[in-house]
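A short write-up of the structure that comes next.
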């Protein structure tokens with residue numbers, strides 16, 4: 001779960017990471033009031049989870065409360081990068097002497113966390129990593145030991161002298177945030193050395209491990225502040241992994257790998273998938289029916305491909321779910337069904353006996369993909 | 001032969017008194033796996049259809065000489081169960097449980113490092129050496145004893161590829177589902193090394209998917225260290241580019257993590273890549289014909 005900047009900064013504040021003075025506004029007048037309190041010279045920042053905010057007009061530096069108000073009005077009215085914006089962060093402008101970068105994240109290969117500090121920040125950090133790797137220092141953190149003092153000292157050793165002590169303190173607090181909040185990423189870009197010598201976090205990117213939300217009740221509660229599309233909410237509630245795409249073949253499968261493979265098969269057959277939907281393991285008749293409802297709620301879907309390879313998932317329950325869905329949603333499009341694995345023969349028999357012409361059996365995954373693509377293009 | 005599990009495996013099942021635990025313990029035993037013990041705190045002294053249950057893994061190992069453990073406990077207890085199995089001396093620990101927090105797994109990985117245990121998973125279907133032993137939840141009907149080794153990051157996709165192999169009369173020495181979590185135990189490299197050393201395995205199929213850089217590392221390893229033919233499959237060519245926050249991940253791996261990049265790495269290493277499961281089956285058929293018996 002990715003936090004918004006203002007939520008990440010609240011987490012930073014709770015752990016004592018220095019920040020610029022700030023406030024969150026949901027209306028232009030609230031933005032104006034915050035700007036007034038901060039003296040007028042502020043940055044108005046769209047709260048979105050897409051990148052490129054600085055270049056794309058999502059961050060506006062203002063010199064007066066009026067400017068802050070109109071910047072907030074524009075961002076809240078127009079949204080950013082095609083997504084609506086419901087909140088802006090209004091932050092006191094800082095006198096920046098130098099822009100740095102600091103992050104702690106998971107290193108899958110080393111199976112631990114790694115902290116990184118760059119003497120250059122505020123810009124495309126991946127480019128710096130490629131072109132000036134010496135500008136970045138890294139250190140692997142053993143989660144049994146935590147971040148040690150010598151590691152923080154090493155990490156800041158290539159920074160301008162004035163920034164070292166402040167950054168060192170911030171690093172150990174970033175690791176505190178990571179472990180306390182079960183984060184898999186804590187990134188500050190830019191980390192700013194101010195003219196007065198302070199080091200402050202001007203941005204906050206925090207990703208919380210979804211697997212840990214069960215023990216992070218307060219953070220899990222933040223989800224309610226995220227805009228959620230009703231179809232997505234329905235899928236989430238039923239424990240389905242659903243991602244909307246823009247094709248015409250609706251996809252339902254069990255297991256992320258098999259579903260990805262099904263998307264590939266549809267694409268190889270010359271079609272485009274309308275979605276990714278993973279039923280998960282041990283799917284019931286009800287979750288199958290809900291899946292079909294979710295997929296069919298997309299008006300772009302011209303045919304559905306159900307691809308199940310049962311391990312824990314049982315074929316007869318999948319078949320029962322498809323029949324249940326036919327009764328509940330009365331689909332107008334054909335449903336191609338490929339069933340294999342546990343109790344698949346029983347499932348295929350149930351579907352055949354129903355004799356509904358909207359159900360099109362397929363013997364293999366590739367045949368299923370070809371049939372579904374042909375049916376979706378009206379050639380089936 | 002085979003790798004990691006066979007007739008010598010003496011299995012204990014942690015969480016055996018749960019619904020999943022008892023179901024799969026009995027299913028594994030019915031396949032011929034030597035299931036010697038179960039572990040559930042507070043349930044010591046009970047029996048699951050003749051399998052003795054112990055309060056702790058240490059007692060189970062002492063009484064039954066169990067040398068492997070299957071972990072089927074809820075996510076919040078799973079890290080503890082792995083520590084316990086390792087402490088009791090289990091050489092192989094197979095963790096099926098999904099949803100374990102990354103921080104817990106990072107600590108588990110640090111603890112296990114250098115201690116000589118093999119962890120498979122978590123969030124995986126387990127491992128089967130057809131005709132010998134099944135430790136996990138892979139459906140046994142689709143498998144057949146033979147000489148193809150298989151290692152995969154995915155669950156159901158593993159079943160799909162095994163189905164393609166068996167349908168062509170290509171049996172398997174061992175199928176390993178290593179799991180798709182960011183931090184997991186055994187990886188492609190360890191599995192490939194095992195298959196390379198296993199006299200029974202003649203060719204290997206590797207199933208990867210988008211994300212991370214495990215496939216790129218495997219490609220390099222194959223080029224440098226494998227003499228047996230390897231066929232690869234990567235799922236996710238048409239997957240939507242994942243929403244990504246921050247840049248730290250890409251800086252570490254130096255990889256885009258896309259299916260295209262992974263397939264390219266394999267091809268550059270001389271590994272043939274199937275575009276779909278049928279093609280993977282066909283390529284394996286070629287590989288088995290060409291491979292030394």
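Please treat every number below as a calculation from the coordinates, not as lab data. Treat the numbers as computed from the prediction; the structure is a model and nothing was measured. Don't worry about glycine lacking a Cβ; one is built from the backbone with ideal geometry, like all the others, and counts go over all protein chains shown.
What the table below lists for this structure:
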| item | result |
| --- | --- |
| Tail weight of P(r) past 21 Å, computed on alpha-carbon pairs of region A:230-376, percent | 31 percent |
| Inter-probe distance in nm under a simple model that places probes 7 Å from Cα toward Cβ, at residue A:196 and residue A:329 | 5.8 nm |
| C-alpha long axis of helix B:277-290 to longest principal axis of chain B, angle in ° | 80 degrees |
| Extension gain (nm, one decimal) between residue A:297 and residue A:210, 0.36 nm per residue minus Cα-Cα | 28.7 nm |
| Region A:81-139-region A:1-43 distance, computed between alpha-carbon centres (Å) | 19 Å |
| Cα centroid separation, region B:43-105 to region A:245-271 (Å) | 37 Å |
| GNM result for chain A, Cα springs below 10 Å: residue of A:157, A:81, A:270 fluctuating most strongly | A:270 |
| Chain B: angle of helix B:214-225 to the longest principal axis, Cα-based, in degrees nearest 10 | 80 degrees |
| Contact order normalised by residue count of region B:10-120, Cα under 8 Å, 6+ apart, percent | 23 percent |
| Volume per residue that the Cα convex hull of the protein assembly as shown spans, once the total is divided by residue count, Å³ | 160 Å³ |
| Helix-only mean residue ellipticity at 222 nm for the protein assembly as shown, each DSSP H run of n ≥ 4 adding -39500 (n - 2.57), per residue, nearest 500 | -11500 deg cm²/dmol |
| Beta bridges per DSSP with both ends in chain B, % antiparallel, nearest 5 | 20 percent |
| Ranked list, fewest to most other Cβ atoms within 10 Å of each Cβ, for B:226, A:365 | B:226, A:365 |
| Extension gain, residue A:179 back to residue A:284 (0.36 nm per residue minus Cα-Cα distance, nm) | 34.2 nm |
| DSSP-defined beta bridges in chain A - what % are antiparallel, rounded to 5 | 70 percent |
| Residue order, fewest to most beta carbons within 10 Å, for B:225, B:213, A:224, A:284 | A:224, B:225, A:284, B:213 |
| Added length on full extension, which subtracts the Cα-Cα distance from 0.36 nm per residue, residue A:367 to residue A:345 | 6.2 nm |
| Cβ-Cβ FRET estimate between residue B:220 and residue A:131, R0 fixed at 25 Å, reported to 0.05 | 0.60 |
| Sites residue A:241 and residue B:49 - FRET efficiency at Förster radius 45 Å, r taken between beta-carbons, to 0.05 | 0.80 |
| Relative contact order computed over region B:126-290 (Cα-Cα under 8 Å; 6+ residues apart), in percent | 23 percent |
| Tilt relative to chain A, helix A:365-376 - C-alpha long axis, 0 to 90 degrees, to 10 | 90 degrees |
| Spacing of the two label points (7 Å from each Cα toward its C-beta) at residue A:224 and residue A:14, in nm | 1.5 nm |
| Simple label model, 7 Å out from Cα along Cβ direction - residue A:352 to residue B:23, nm | 2.7 nm |
